[in-house]
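Novice: Submitted below is the structure of interest, expressed as structure tokens.
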DNA sequence: ATTTGCTAGTGTATTTTTTACACTAATAAA
DNA sequence: TTTATTAGTGTAAAAAATACACTAGCAAAT
């Protein structure tokens, strides 16, 4: 047997892009680093993976240590392994995307970080390591995902209004959506349960509250599922020309 | 500074799921392992990543050593890192999906493997390590991708007929498509160049040959792109009921 | 020379979905 | 009672998807 010892000199970490939604704005949870390298920089929460620990387990651990949350949406997105991305040696990192309801979140005292804070995704800059690239990859994944899977609900409180849901989509997709059509589409999916309750304490007509029908979604998954959103069609003739030659071929089943 | 030496004891590999299309069937290129562990098993082509080598570079290297091909479609899919997946120690692997034109492929003498061979994706079983799971992940990715990006062309020879293209889609999506509608959709995308040439040596009306318009695709990417395929709608009432409550929301821009 | 078998390729009516836009409804504060 | 503000609806017109039956062109068989 050839000797492979030379290869067993690397480490790997997980980094977690934790998204939340608040005040009509998509946020990401960042920590301020308390050690070198990049001491004092904002960074994605992450940690080395232990020798006897699976990747997903490590990602769940990081999430739990930071937020105290256990059962949240978590998905592996991609792996970053540029040779010199870490000064300690060869460290590749597996990026995870998670979606949490901000209202559930409380900073944990046993945290790995000096401090943790929500930042508007659109305003983040200058993170430690290659974390900006990781954030971008996860944001791109979220943008994609939200069109085909009803993951948006993971970011909202259990009860929400259709307008809140629309604002969430608009924040993630960075676009405006048409109210009438958005509602028609969402309701036609039969994935919302009308709680026959309304908002309280608002200075205008109170909106109806809904919750996500998880059971119904499970049934859809079994039978093939597609979930897309259309922005108000642009008036710009150039764009329109391109859009009109776009084609789709769906498979359902 | 805390001592992190304990973490620098791992290795990582890349594994490459190389798809090809031949005889109306989707194939994957497998190698027969010439060393332990799993000596003699079929496996995905892969290799350890060198200390001074980027992940993508390693994937490209493996592909070149096996096929001699250089400029092919290659995409990172996901990373597998279960604790005991490799008997030498902790080894995580980054899975890549690549698409090649089978006609371009010739087995390289300097190959890493005892032998390499195309296998029908639908018939593969019993691979080394967790390679079945990796293959499944990459196949799922391809199935998804092909609906939204015109990557199918990477698998066809430079000149192809619409029927060949349809058969490719049918093989990947594991479904039947309706000829008239498939053609309408594909042609409406304006991504094919009509070569005004026809097949030769067939015992029936010869089909027209097309090639993929790469330049036009670049323009589409800039302006937002969507690519889907719809299967002939099922007659089964249960399925139909579900399909009719599926909703889509597209963003173009 | 004609027929047969086969695959290529087209026309189009119908249904479904998308899009756009203007309308009505309900609440608190002025 | 009026005003401001957001919630929520009706619907016509356009576009896209679907289904299905048709015609076209070639070689081999008769």
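The values are calculated or read from the model by the stated rules, or taken from the named source; none is laboratory data. Since the model is a prediction, treat every value here as computed from it, not as a measurement. Every residue, glycine as well, gets a Cβ built from its backbone with ideal geometry; the counts of neighbours run over all protein chains shown.
Novice: Are any residues in the stretch A:147-160 free of Cβ contacts under 8 Å to residues at least 60 places away in the same chain and away from DNA strand D (no atom under 14 Å from the Cβ), and if so, which ones? Give the derivation first.
Specialist: Let us first name the residues in the stretch A:147-160 that are free of Cβ contacts under 8 Å to residues at least 60 places away in the same chain, namely A:152-153, A:157-160.
Hits for the stretch A:147-160 are A:152, A:153, A:157, A:158.
Novice: For the stretch A:166-181, give me the residue count where each residue is more than 7 Å from chain B (Cβ to nearest Cβ), touching a residue at least 24 places away in the same chain (Cβ under 8 Å) and over 16 Å from the mean Cα position of the chain (by Cα).
Specialist: Matching residues across the stretch A:166-181 total 4.
Novice: Then there's this: Report whether or not residue A:247 is at pLDDT below 90 and either within 13 Å of DNA strand D (Cβ to nearest atom) or touching a strand residue (DSSP E or B) at 6+ places or on another chain (Cβ under 9 Å) (or both). Give the steps one after another, and end with the answer.
Specialist: Values: at pLDDT below 90: yes; either within 13 Å of DNA strand D (Cβ to nearest atom) or touching a strand residue (DSSP E or B) at 6+ places or on another chain (Cβ under 9 Å) (or both): yes.
Yes: the conditions hold for residue A:247.
Novice: In this structure, does residue A:19 turn out to be surrounded by fewer than 21 Cβ atoms within 10 Å (Cβ to Cβ) and either facing chain B (nearest Cβ under 10 Å) or in contact with a strand residue (DSSP E or B) (Cβ under 6 Å, 6 or more places away or on another chain) (or both)? Lay out the reasoning, then the answer.
Specialist: Numbers: surrounded by fewer than 21 Cβ atoms within 10 Å (Cβ to Cβ): no; either facing chain B (nearest Cβ under 10 Å) or in contact with a strand residue (DSSP E or B) (Cβ under 6 Å, 6 or more places away or on another chain) (or both): yes.
Taking the combined requirement at face value, the residue does not satisfy it.
Novice: For the stretch A:195-214, give me each residue that is within 7 Å of DNA strand D (Cβ to nearest atom) and touching a strand residue (DSSP E or B) at 6+ places or on another chain (Cβ under 7 Å).
Specialist: Answer for the stretch A:195-214, where residues must be within 7 Å of DNA strand D (Cβ to nearest atom) and touching a strand residue (DSSP E or B) at 6+ places or on another chain (Cβ under 7 Å): A:198, A:206, A:207, A:208.
Novice: Looking at B:175, B:163, which is the one that is within 13 Å of DNA strand D (Cβ to nearest atom) and more than 21 Å from residue B:206 (Cβ to Cβ)?
Specialist: B:175
Novice: Looking only at the stretch B:22-55, count every residue that is out of contact with any strand residue (DSSP E or B) (no Cβ under 7 Å at 6 or more places or on another chain), within 9 Å of chain A (Cβ to nearest Cβ) and modelled with pLDDT of 95 or more and tell me the total.
Specialist: So the count comes out to 5.
Novice: Of all residues in the stretch B:207-216, count the ones that are out of contact with any helix residue (DSSP H, G or I) (no Cβ under 8 Å at 6 or more places or on another chain), touching a residue at least 24 places away in the same chain (Cβ under 8 Å) and either within 12 Å of DNA strand C (Cβ to nearest atom) or not in a helix (DSSP H, G or I) (or both).
Specialist: Within the stretch B:207-216, residues that are out of contact with any helix residue (DSSP H, G or I) (no Cβ under 8 Å at 6 or more places or on another chain), touching a residue at least 24 places away in the same chain (Cβ under 8 Å) and either within 12 Å of DNA strand C (Cβ to nearest atom) or not in a helix (DSSP H, G or I) (or both) number 2.
Novice: What number of residues within the stretch A:180-206 satisfy the criterion of being within 13 Å of DNA strand C (Cβ to nearest atom) and touching a helix residue (DSSP H, G or I) at 6+ places or on another chain (Cβ under 7 Å)?
Specialist: First pass over the stretch A:180-206, keeping only residues within 13 Å of DNA strand C (Cβ to nearest atom): A:180-190, A:196-206.
Still in the running and touching a helix residue (DSSP H, G or I) at 6+ places or on another chain (Cβ under 7 Å): A:182-183, A:186, A:190.
Here the count works out to 4.
Novice: If you don't mind, another one. Report the residue count in the stretch B:118-163 for those that are away from chain A (no Cβ under 14 Å) and within 16 Å of DNA strand C (Cβ to nearest atom).
Specialist: Result for the stretch B:118-163: 6.
Novice: When the residues of the stretch A:182-194 are filtered to those that are within 14 Å of chain B (Cβ to nearest Cβ) and within 10 Å of DNA strand D (Cβ to nearest atom), which remaining residue is surrounded by the fewest Cβ atoms within 10 Å (Cβ to Cβ)?
Specialist: Across the stretch A:182-194, the extreme among qualifying residues is A:184.
Novice: Test of understanding: among B:89, B:34, which residue is in contact (Cβ under 8 Å) with a residue 60 or more places away in the chain, at negative phi and exposed (fewer than 15 other Cβ atoms within 10 Å of the Cβ)?
Specialist: Details: B:89 fails: at negative phi.
None of the others qualify; the one that does is B:34.
Novice: All but one of (1) on the phi < 0 side of the Ramachandran plot; (2) touching a residue at least 12 places away in the same chain (Cβ under 8 Å) hold for residue B:24; state the number of the condition that does not hold.
Specialist: So the condition that residue B:24 fails would be (1).
Novice: Mind counting the residues in the stretch A:56-92 that are assigned to a loop (DSSP other than H, G, I, E, B), in contact with a strand residue (DSSP E or B) (Cβ under 6 Å, 6 or more places away or on another chain) and either over 26 Å from residue A:151 (Cβ atoms) or within 14 Å of chain B (Cβ to nearest Cβ) (or both)?
Specialist: Going through the stretch A:56-92 one residue at a time, the tally reaches 2.
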